[in-house]
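**Student:** Just dropping this structure here.
The values are calculated or read from the model by the stated rules, or taken from the named source; none is laboratory data. Note that the structure is a prediction, hence the values are computed from the model and not measured. Virtual Cβ from ideal backbone geometry, glycine too; neighbours counted across all protein chains shown. All accessible areas refer to the heavy atoms of the entire protein, side chains included, with ligands and DNA or RNA removed. Shrake-Rupley method; radii C 1.70, N 1.55, O 1.52, S 1.80 Å.
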Amino acid sequence: MKRRLSSIINPFYKFAPLAMLGYWLFVVTDDYRAVGGLPMAVIFLLLLGILAKLASRLKKVYLAEDTLYVSNYLRQIRIPLSEVASVEVSSIGGSYL
């Protein structure tokens with residue numbers, strides 16, 4: 001039986017910034033004055049882009065008997081536990097908070 005090791009809300013963290021980025025691209029191209037002018041729109045889009053890039057590192061991780069399953073939601077790999085030297089916890093920012 002597989003046991004989830006990653007957070008159950010990883011898909012939200014991974015795909016919400018992309019959805020928000022798409023929405024704000026629509027808002028900016030429709031009427032950038034509605035969001036505080038062009039400089040504010042560019043800064044906000046840049047921040048959302050950085051958040052989307054950081055969130056792209058998140059993985060779905062499962063442990064089943066003697067195998068570790070790691071997925072980036074597009075493809076999945078199997079890693080035998082005998083080949084795992086160490087495991088580190090990380091958050092969206094890159095370090096454990």
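**Student:** Quick check: the angle from helix 10-31's long axis to the longest principal axis of the chain, C-alpha only, nearest 10 degrees?
**Tutor:** Tilt of helix 10-31: around 10 degrees.
**Student:** For a Förster distance of 41 Å, can you work out the FRET efficiency between the beta-carbons of D31 and L5, rounded to the nearest 0.05?
**Tutor:** Efficiency, from the Cβ-Cβ distance: 0.40.
**Student:** Determine the per residue accessible area of the chain with all protein chains present and a 1.4 angstrom probe, expressed in square angstrom.
**Tutor:** 76
**Student:** Can you give me the % of accessible surface on the chain that is carbon or sulfur? Probe 1.4 Å, all protein chains present, nothing else counted.
**Tutor:** Ligands and nucleic acids excluded, carbon and sulfur give 64 percent.
**Student:** Determine the gain in length on full extension of the stretch L46-V87; use 0.36 nm per residue of separation and subtract their C-alpha separation, reporting nm with one decimal.
**Tutor:** Gain in length upon complete extension: 11.6 nm.
**Student:** Could you check the simple spin-label distance between A19 and L74, using points 7 Å along Cα→Cβ, in nm with one decimal?
**Tutor:** Here the modelled spin labels are 2.0 nm apart.
**Student:** Which Rg and Dmax, in Å, describe the Cα atoms of segment 1-85?
**Tutor:** Expressed in Å, the Cα Rg and Dmax of segment 1-85 come to 18.2, 57.
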